[in-house]
Amino acid sequence: MSKTKRHLLLISLFLPAIFCNTFSQNPIIRDQFTADPSARVFNGKVYLYPSHDIRKDTGRFATWFCMEDYHVFSSENLTDWTDHGVIVSQDEVNWVDPASYSMWAPDCIARNGKYYFYFPSNFKERYGRGFGIGVAVADKPYGPFTPQPEPINNVHGIDPNVFIDNDGQAYLYWSAGKIFVAKLKDNMLELASEPKVIDNLPTEGLIEGPYLFERNGNYYLTYPHVEYETERLEYAMGDNPMGPFRQTGVIMDESPTGCWTNHHSVIEYKGQWYLFYHHNDLSPHFDKNRSVRIDSLFFNPDGTIQKVEPTLRGVGLTLASENIQIDRYTSKSAIGSSIAFNDSINTFEGWKTILDMPNAWIKYNAVDFGNKKIKSVQVKAKSLKGGTLQIRLDKADGAILCEVKIPKGTGWNRMNSNIFTYQAGIHNLIVILKDGNPVEIDWIRFNY
Ligand code: FUB
């Protein structure tokens, strides 16, 4: 049985979908590597089509991108994500070299009730050398997708992106050293015009990953570009999907920790704009194993984009009754607070917070306490010599919610404590070390 069929069988057994290890904080998916996120809003839900990095410890892929298939994820609140499983795999596409592990950055678009998934990969020998771009078609955003037997004619390159203008004309963008555009026929499977290089974009340093969107009559051509050493996200604005565009600014600076690539998409959802991008959070020593992040994006009154500062907190609310991973913090004290992996070999185990001097603190925003009275807090923590944590609402509210004593010992404890006071609604939390002995915290949660 083929791999996709096996996955579809599994999906049908566990309908409606596979729930995976996902979070509202960054990175949003923590049970696999995900990169090159293309987010789309279909039928009132966000669908995420990332590429899927995998790790090989030996051979030529041990030091390069290794990508054999694609999953699709969906969410209604940007907090809970559902993994719908594999939708396209390299060994089931007629024209793809199944030994190339080069299922790079994809995109998906809806037209006339069908969903068109565009993906690049290495050709089989008989098609020539390098990358082509193919399409797989489905009746639902999560598949099943049927790949077309042939790649799109006259397209050589990577990082497909599709935009449908208000007049119904569809455009395909892709990169191959430069950024190309061509009109698509109504069938979404063939070019309707000759590929054209978009000029007036940076000519020095790699440029790739085009993503075009429209807002208030402005067309934004956004792209990763290496201005200095690694990629940053830039954009150009124009009045027409085919250009000309004026280079306008930077959406996100280079990774401060050296992840060489970035790749993104921009959507508006429920009145807020979001930037989806990637970083190597779960693989700090190998930047070809990346993870998708989301942060909010804002425009200036003149239509230009405000630079997005990457955060760990990400977007969306965290329920007070969930495990609140405070290591995905909003801010923290300059000294005495740090984060570390729970298990540096298996990074999918996530992170912990370390508070190691009196009054060191970490702040976590947007926790939803709802309207039901909370009674107690539970903290998963450990402390070699024993320590006391205080949990309070942030400075605007100020109230001390509870104090939790962590007993001395080497193992993790789940300590419960009663709540002094309760306030309904959404609050920002601060966790403070009240005495001098270091405490490590995995998560905190509140009980009703
Ligand atoms: O994921 C493989 C490649 O890395 C993508 O196609 C590029 O955009 C870069 O993110």
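The values are calculated or read from the model by the stated rules, or taken from the named source; none is laboratory data. This is a predicted model, so every value here is computed, not measured. In this analysis, Cβ positions are derived from the backbone assuming ideal geometry, glycine residues included, and neighbour counts consider all displayed protein chains. Remember, those area values only see protein heavy atoms, side chains included, never the ligands or the DNA or RNA. Shrake-Rupley method; radii C 1.70, N 1.55, O 1.52, S 1.80 Å.
For helix 3-13, what angle does its Cα long axis make with the longest principal axis of the chain, in degrees from 0 to 90 and rounded to 10? Around 50 degrees separate the two axes.
Placing unit charges on each Cβ (+1 for Lys and Arg, -1 for Asp and Glu) gives the chain a dipole about its Cα centre, and among 250, 367, 203 the Cα reaching farthest toward its positive end belongs to 367. Straight-line reach from residue 183: taking Cα to Cα under 29 Å and skipping same-chain neighbours fewer than 8 places apart, the lysines in range are 45, 114, 124, 140, 196. Computed over region 318-447, the Cα gyration tensor eigenvalues convert (square root of 5λ each) into semi-axes of 22, 16, 15 Å, ordered from largest to smallest.
Of all the accessible heavy-atom surface of region 98-164, with the other protein chains kept in place and a 1.4 Å probe, what percent is carbon and sulfur?
Details: 1340 of 2710 Å².
On region 98-164, the fraction of accessible area on carbon and sulfur atoms equals 49 percent.
With all protein chains present, how much of the accessible area of region 318-447 (probe radius 1.4 Å) comes from carbon and sulfur, to the nearest whole percent? Ligands and nucleic acids excluded, carbon and sulfur reach 50 percent.
Which semi-axis lengths, in whole Å and largest first, follow from the square roots of five times the eigenvalues of the Cα gyration tensor of the chain? The partial results should precede the final answer.
Numbers: eigenvalues 350, 110, 86 Å².
The answer is 42, 23, 21 Å, longest axis first.
If only the Cβ of Lys and Arg carry +1 and only the Cβ of Asp and Glu carry -1, the dipole of region 318-447 around its Cα centre is close to 340 debye. In a simple Cβ point-charge model (Lys, Arg +1; Asp, Glu -1; nothing else charged), region 387-448 has a dipole of about 120 debye relative to its Cα centre. Distance between the C-alpha centres of region 406-448 and region 119-143: 50 Å, rounded to the whole angstrom. Across region 321-331, coupling constants 3J(HN,Hα) worked out from phi with the 6.51/-1.76/1.60 Karplus curve, θ = phi - 60°, read 8, 8, 5, 8, 7, 5, 5, 8, 6, 8, 7 Hz, and Gly and Pro carry x.
I'd like to check one number: the per residue accessible area of the chain, probe 1.4 Å, reported in Å² as a whole number.
Details: 18950 Å² over 448 residues.
Roughly 42 Å² per residue, with all protein chains present.
Nothing charged except the Cβ atoms of Lys and Arg (+1) and of Asp and Glu (-1): what's the magnitude of the dipole of the chain about its Cα centre? Round to the nearest 20 debye. All intermediate terms of the calculation are to be shown ahead of the outcome.
Working: 45 positive and 51 negative charges, 341 e Å.
With only Lys, Arg, Asp and Glu charged at Cβ, the dipole is about 1640 debye.
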